[in-house]
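The block underneath contains the structure these notes are about, expressed in structure tokens.
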Amino acid sequence: MRLGNQSWIIGTLCAAAALVVVLAQQNARLRETLHDQAPQPRVGDWVPSYSTTRSDGSPLTLGESTAPQLLYFFQPKCPHCIASEAAISRVAARLRDSPSVQFLGVSAAPDAELAAYQQGRSEPFPIAHLDTKKMFSLFRVSAVPTLLLVDREGTVRYSHAGEVVGEEGASQLLKAIDGALVVH
């Protein structure tokens, strides 16, 4: 092979490598943009009433209740949901006997996975089972964990997407819920 051909091949390979780097950077920016534009529930949005069952098989209607519902959308094996577990347990324990807010986990995980999740918890909470992850879209939930405070009429009064970590995260969440209930 002549030196001229080798230079051309090396130049072509360098240009291809540079193109791959540029495309990877553009792909990362596009993913961020799409994530930021993903539909998320907003305060004032309406959610439909949806009849389903709790993990124990008893009937339940999401988005329609005698008391506001704090809906915790999660998946048992999601790393962000696992990181939020301690704070969510504190919130669920605080709201367990509250007549003013009903705390419900909402998951599309298989029944066996939900049962194992509940057995491993010191403070289990009721979990509404959705048939598929696509059902999350009824509530405009595109990522977990997501918390929605829904009033009796099905209007979102508070929305939080992402991790809730530690005692401070639990306290901030409870304070925001209290504020949303007082305002509306």
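Within region 139-184, the only residue that satisfies the criterion of being in a helix (DSSP H, G or I) and under 13 Å from the mean Cα position of the chain (by Cα) is F139. Exactly one residue out of S84, S55 is in contact with a helix residue (DSSP H, G or I) (Cβ under 6 Å, 6 or more places away or on another chain), among the small types (G, A, S) and crowded, with 18+ Cβ neighbours inside 10 Å, and it is S55.
Under the condition of being at pLDDT below 85, of a type outside the set (S, T, Y), closer than 18 Å to F103 by Cα and part of a loop (DSSP other than H, G, I, E, B), the residues counted in region 19-62 number 3.
Flag: S65 does not match the condition of being under 20 Å from the mean Cα position of the chain (by Cα), modelled with pLDDT under 85 and surrounded by 14 or more Cβ atoms within 10 Å (Cβ to Cβ). Somewhere in region 118-136, is a residue part of a helix (DSSP H, G or I) and farther than 17 Å from P41 by Cβ? Yes, the conditions are met somewhere in region 118-136. Hey, can you tell me all the residues within region 96-133 that are touching a residue at least 60 places away in the same chain (Cβ under 8 Å), under 20 Å from V164 (Cβ atoms) and hydrophobic (A, V, I, L, M, F, W, C)? Within region 96-133, V101, I127, A128 qualify.
The values are calculated or read from the model by the stated rules, or taken from the named source; none is laboratory data. Remember, predicted model here, so these are calculated numbers, not experimental data. Cβ sites come from the backbone with ideal geometry, for glycine too, and all protein chains shown count toward neighbours.
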